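Since the structure comes first, as structure tokens, the remarks are kept for the end.
The values are calculated or read from the model by the stated rules, or taken from the named source; none is laboratory data. Nothing here was measured: the structure is a model prediction, and the numbers come from that model. Don't worry about glycine lacking a Cβ; one is built from the backbone with ideal geometry, like all the others, and counts go over all protein chains shown. When the accessible area is computed, the model is the full protein with side chains, heavy atoms only, and any ligands, DNA or RNA have been set aside. Shrake-Rupley method; radii C 1.70, N 1.55, O 1.52, S 1.80 Å.
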Amino acid sequence: MKNMKKAAAFLLATGMVLALTACGGNKKENTVKSVDDLEGKKIGVQLGTTGDTYSTDEYENDKAGTKIERYNKGTDAVQALKQGKIDCVIIDSQPAQAFVDKNDDLQILDEEFADEEYAICVSKENTALKDEINGALKELKSEGVLDSIVSNYIGDDTKGRSPYESPKDVDYSKGTLTMATNAYFEPYEYYDGDKVIGIDADIARAICDKLGYELKIEDMEFDSIIAAVQSGKADFGAAGMTVTEDRLKNIDFTDTYATAKQVIITRK
């Protein structure tokens, strides 16, 4: 009886090993080596982003049968890629680098998908606030504060060495400005514990310090930001948001404060 139990245990263990090996052996091969390979593939994007817009305009409903799979968060798209549900993810370069740094089975293709510029969105009716923000951005740029904020989050040589700190003598008597964002877009906005930090959060705080406002950050789905600003639920939106003709139909933008690229993440 003992020998029979040992034999059964051995067969069970062997079966588990073979099953695990089979699972590992089912890793889906990467078939996206360049932009030219995107036709006919399943492309993952974050809903409402320029990656969504650009890939939709270029590939959706094409003759090759390309499918655009939309996710509320970039992390969800990346997880789907890792699971083999999609063939690639198109997303902004800095968040893409953050995802790849945390997942050694992923890579960013050398060939870029598109260039873009980031700006802060403001209601078309709130021209006074747009002018105020533009004035603050101009001062922060000339003072080197914008570059310092970016370098605190990007670049191995400087990352973490120049955290933004509000001046001690700031007068916040003008009240509070609410910033709408989607805090799953590292390094532009993401959570550190229960606090939203990142490039956009620091720039928004620096702007509010210049203008004499407290800053309140509201986290929401990316495709809800413009509606929140239009309705007055938020005063402005900052979320690595690119100025596009379609968005300009519904919202206004400040001067640009950063340039970025759309890139392609694939499995290795």
Identify the single condition in (1) surrounded by 12 or more Cβ atoms within 10 Å (Cβ to Cβ); (2) over 26 Å from the mean Cα position of the chain (by Cα) that residue 136 does not satisfy, given that it satisfies every other one. (2)
Name, by its number, the condition in (1) under 21 Å from residue 49 (Cα atoms); (2) assigned to a helix (DSSP H, G or I) that does not hold for residue 190. (2)
What number of residues within segment 258-268 satisfy the criterion of being among the hydroxyl-bearing types (Ser, Thr, Tyr) and either modelled with pLDDT of 95 or more or on the phi > 0 side of the Ramachandran plot (or both)? 1
Given the conditions (1) free of Cβ contacts under 8 Å to residues at least 12 places away in the same chain; (2) touching a strand residue (DSSP E or B) at 6+ places or on another chain (Cβ under 9 Å); (3) of a type in the set (Gly, Ala, Ser), report the number of the one that residue 114 does not fulfil. (1)
Any idea how many residues of segment 224-249 are assigned to a loop (DSSP other than H, G, I, E, B), open to solvent by 30 Å² or more (accessible area, probe 1.4 Å) and without any contact (Cβ under 8 Å) to a residue 60 or more places away in the chain? 2
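Quick check on residue 110: is it at pLDDT 90 or above, open to solvent by 90 Å² or more (accessible area, probe 1.4 Å), in a loop (DSSP other than H, G, I, E, B) and not aromatic (Phe, Trp, Tyr)? Before you say what the answer is, go through the steps one by one.
Working: at pLDDT 90 or above: yes; open to solvent by 90 Å² or more (accessible area, probe 1.4 Å): yes; in a loop (DSSP other than H, G, I, E, B): yes; not aromatic (Phe, Trp, Tyr): yes.
Yes.
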Residue within segment 120-140 that is among the hydroxyl-bearing types (Ser, Thr, Tyr) and in a strand (DSSP E or B) present: no
Does segment 195-223 hold any residues that are among the charged types (D, E, K, R) and open to solvent by less than 50 Å² (accessible area, probe 1.4 Å), and which are they? 200, 202, 209
I'd like the residue in segment 160-194 that is among the polar types (S, T, N, Q) and open to solvent by 70 Å² or more (accessible area, probe 1.4 Å) and, out of all such residues, is modelled with the highest pLDDT. 176
